[in-house]
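Colleague: First, the structure itself, so that you have it in front of you.
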């Protein structure tokens, strides 16, 4: 009995003190950690792909006349990373931020306004394009495209 | 996930199945280490809690490195896995497993001769083999009663047809036997991970799912979770959504065995006996009593249970 | 008379003030065994002050519920006046170790009564366990003290320490050491307040000041028993034997006593950290074995060895 | 003066009662993980207690289900003042993926006021420690609400 007690004590003492200095020293974060998602608002086209795949439906999209307001309630986020997978513009990426503790729930709400060009006829939004952007050939269909000498994709 | 695959008639690529197996075994290791700690905590042996959770922590870090999160791996997709185990990660995993195995051997060696620990665990919560068979108990609980049931071997899923685990049984039928089953299973899991990492086949990790499965297809899979076998049953529906998804967690069956296990036990023995089957009360939340004679089913609410037990003990 | 008041004051301040520090040291040592950093040694002081300032929720109007913590605390405090901390006991004129025994028992009874007064099933279970432990452990404590008393022909604590080694005293010392574990509810025997089984038993419904008093009296008990062990069986070093002023000798004695108490309690904490909690029947069996061992010691004492 | 002393001592000795109101066990495991050697919350005086009457802090994990609601309310009354309520995990903070299901009321803040939110699924032990450190005033809060617009708004208004 005493031998096993001593063995137990040796196991305990061999390890030494392993406590990490965490709150006073930065934590180790592995590569590819799925932390708080960050949204690059300048890339977002307001397609709503993230809203449709999100398991906790935390993305709320409201279309207003000249803009789309996207509100994300990150207190519900389960950090699955689905939104980052499906985003067609790679606007969402999982950051390494996990220190999301807060005393105010509103700290976790992210509101984005995307200003969109609106169709003058129906009044609905579409993503605006500046003259510097390359033309989107996909929207050109049929004979007109062929006349321009561009292969349809 | 595999039940959906079965329903859709998809089979994940070999590499993906290996990665799943490795993760399942990592999960088993961490769960068994966790369980030993909790069992120690229940009988007041906090040092066991601290030390076994200390050994568990590198396993969690490894899982975090592989999948990006400590617990909700989010790794399985229909048709494969989401993330590959990267090449530079594999050499990091072997030393982790080695130290874990070494330390775990020492722990097993140390507690094997511990008389006070045995006084609390040996001969307590006895579940004889025939009774266990009658009550359909699963997992380490039944393997502690000398019945070799392990769905990894019986119904191989993932890559268990290639990485065959050894089924560990002990004849004690008591809490001590269940401790030993879990401790030895940890070694087995370490061995499986090592083999899996060594023989990790090349190839894709995801088969492209071309079409959605038609509605009304069924799929069922039996998975040996650390607690016992969990059964997932899916009926596919339209619109990418399942029509019905039923999970039977192992705790359902385990709890049936509890009354016979705690018969004639003192209050002090009840928590550890309950703990020895590693219950998950999030999986079971109501009491259903079936009257055998009249075949009536009655679901008791919480208040009713409280009233019955109060009447029985002359309180309230 | 004034002399006595000084002694009482010193004893009270020592016991009340120093015992949480001992607990802090024990927690720190436990943390070392758990391979972690652990709380600072002054943590128990903070805990107690915090608990004293908290709201006192009462589950019933029972006067017992309110009185139990006070009785427990004050009985331990009075018991401490019959123990020498390196100087002769403050109330040595009023009673001897038998009085100490009575007051220590009273504190355990107060815990049990407090547990019963809460009217919670866990409290009742804890109280019955406390009483069972009391019946098993108290005779052993009494026997060890009686063995020491027979050897010294007196039950006054100042007369007790003997320098000569004898078999009966050695057995009694082992018996007392083993029973301290039971008395101060350290781990193989903390069946009374088993946190995981019966949710801290008798203390389940206490909050704020009541809980603080219970906790504090347990810390004080730890210190008292450690002191008792060193002062009765191994009364070394006694600085009063050295040529130095009496006051300095007394202060050195107190300091030595405190250090010794720390050493003993660390040993007890080591046993605490490497053992699971026993069942009540197992712990009673253990007490039985110790009881018979100490009985042998008593027989040895009668035949004079 | 005594009141001041008490309020000063409270953050240095937080006794925690851990309530599971419908969580999946993930957060519960991480809460206990915080007490184990690598993270060791006891160095801040944090201790897990077995009775809500001893507690200063109520750690709540999981979305509040219909079934536990009455017991949860009773539990909150059993904790003596002054008390703090921590919501651990995404489920407790905002309901998680269950926020609109039929058997779930939602986040803990729909039942009782919550003092600190620690989201995560489950939060890393470091995240829980950080939450505790923020509550104790040892570390700064590292998150703030974002209300941003894309670069086109300036373009839009300059027209």
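Colleague: Among the numbered criteria (1) within 14 Å of another protein chain (Cβ to nearest Cβ); (2) more than 20 Å from residue C:19 (Cβ to Cβ); (3) surrounded by fewer than 16 Cβ atoms within 10 Å (Cβ to Cβ), which one does residue C:267 miss?
Modeller: Here residue C:267 clears every test but (2).
Colleague: Across the range B:135-162, what is the total count of residues that are over 16 Å from the mean Cα position of the chain (by Cα) and assigned to a helix (DSSP H, G or I)?
Modeller: The total comes to 0.
Colleague: Within the range C:289-298, is there a residue that is closer than 29 Å to residue C:115 by Cα and either touching a helix residue (DSSP H, G or I) at 6+ places or on another chain (Cβ under 8 Å) or surrounded by 21 or more Cβ atoms within 10 Å (Cβ to Cβ) (or both)?
Modeller: yes
Colleague: Next up: Could you please find all residues in the range B:43-70 being in contact (Cβ under 8 Å) with a residue 12 or more places away in the chain and within 17 Å of residue B:115 (Cα to Cα)?
Modeller: Of everything in the range B:43-70, those that are in contact (Cβ under 8 Å) with a residue 12 or more places away in the chain and within 17 Å of residue B:115 (Cα to Cα) turn out to be B:43, B:45, B:48.
Colleague: Going residue by residue through the range C:243-253, is there one that turns out to be modelled with pLDDT under 85 and crowded, with 23+ Cβ neighbours inside 10 Å?
Modeller: no
Colleague: Can residue D:58 be described as at pLDDT 85 or above and more than 11 Å from chain A (Cβ to nearest Cβ)? Walk me through it before giving the result.
Modeller: Working: at pLDDT 85 or above: yes; more than 11 Å from chain A (Cβ to nearest Cβ): yes.
Taking the combined requirement at face value, the residue satisfies it.
Colleague: I need the full set of residues from the range C:13-52 which are assigned to a loop (DSSP other than H, G, I, E, B) and in contact (Cβ under 8 Å) with a residue 40 or more places away in the chain, in order please.
Modeller: C:34
Colleague: Please go through the range D:85-102 and pick out each residue that is more than 10 Å from every other protein chain (Cβ to nearest Cβ) and either modelled with pLDDT under 80 or surrounded by fewer than 20 Cβ atoms within 10 Å (Cβ to Cβ) (or both).
Modeller: D:101, D:102
Colleague: Now, a different point. Can you name every one of the helices (runs of 4 or more DSSP H) wholly within the range A:1-96 that holds 3 or more residues which are under 30 Å from residue C:29 (Cα atoms) and within 12 Å of chain B (Cβ to nearest Cβ)?
Modeller: Values: elements: A:2-15, A:49-53, A:82-86.
The qualifying helices (runs of 4 or more DSSP H) are A:2-15.
Yes or no, residue by residue, for (1) over 19 Å from residue A:41 (Cβ atoms); (2) at pLDDT below 80:
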site	(1), (2)
A:67	no, yes
A:82	yes, no
A:88	no, no
A:94	no, no
A:98	yes, yes
A:108	no, no
A:112	no, no
A:120	yes, yes
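Colleague: Now, a different point. Without any contact (Cβ under 8 Å) to a residue 40 or more places away in the chain, within 13 Å of the chain's Cα centre (by Cα) and crowded, with 23+ Cβ neighbours inside 10 Å: is that true of residue D:61 in this structure?
Modeller: no
Colleague: Given the condition assigned to a loop (DSSP other than H, G, I, E, B), in contact with a strand residue (DSSP E or B) (Cβ under 9 Å, 6 or more places away or on another chain) and either crowded, with 17+ Cβ neighbours inside 10 Å or in contact (Cβ under 8 Å) with a residue 60 or more places away in the chain (or both), answer yes or no: does some residue in the range C:59-69 qualify?
Modeller: There is no residue in the range C:59-69 that is assigned to a loop (DSSP other than H, G, I, E, B), in contact with a strand residue (DSSP E or B) (Cβ under 9 Å, 6 or more places away or on another chain) and either crowded, with 17+ Cβ neighbours inside 10 Å or in contact (Cβ under 8 Å) with a residue 60 or more places away in the chain (or both).
Colleague: Does the range C:213-234 include one or more residues that are surrounded by fewer than 18 Cβ atoms within 10 Å (Cβ to Cβ) and either within 30 Å of residue B:120 (Cβ to Cβ) or under 22 Å from the mean Cα position of the chain (by Cα) (or both)?
Modeller: yes
Colleague: Can you find a residue that is facing another protein chain (nearest Cβ under 9 Å), out of contact with any strand residue (DSSP E or B) (no Cβ under 8 Å at 6 or more places or on another chain), part of a helix (DSSP H, G or I) and modelled with pLDDT under 85 anywhere in the range B:15-30?
Modeller: So far as the range B:15-30 goes, no, none of its residues is facing another protein chain (nearest Cβ under 9 Å), out of contact with any strand residue (DSSP E or B) (no Cβ under 8 Å at 6 or more places or on another chain), part of a helix (DSSP H, G or I) and modelled with pLDDT under 85.
Colleague: Checking residue D:134 against (1) touching a helix residue (DSSP H, G or I) at 6+ places or on another chain (Cβ under 8 Å); (2) surrounded by fewer than 24 Cβ atoms within 10 Å (Cβ to Cβ); (3) assigned to a helix (DSSP H, G or I); (4) within 8 Å of another protein chain (Cβ to nearest Cβ), which single condition isn't satisfied?
Modeller: Looking at each condition in turn, residue D:134 falls short on (1).
Colleague: Given (1) within 14 Å of another protein chain (Cβ to nearest Cβ); (2) closer than 24 Å to residue C:167 by Cβ, where does residue C:273 come up short, assuming only one miss?
Modeller: Single failed check for residue C:273: (2).
The values are calculated or read from the model by the stated rules, or taken from the named source; none is laboratory data. Owing to the predicted nature of the structure, the values given are computational and were not obtained by experimental measurement. Note: ideal-geometry Cβ built from the backbone for every residue, glycine included; neighbour counts use all protein chains shown.
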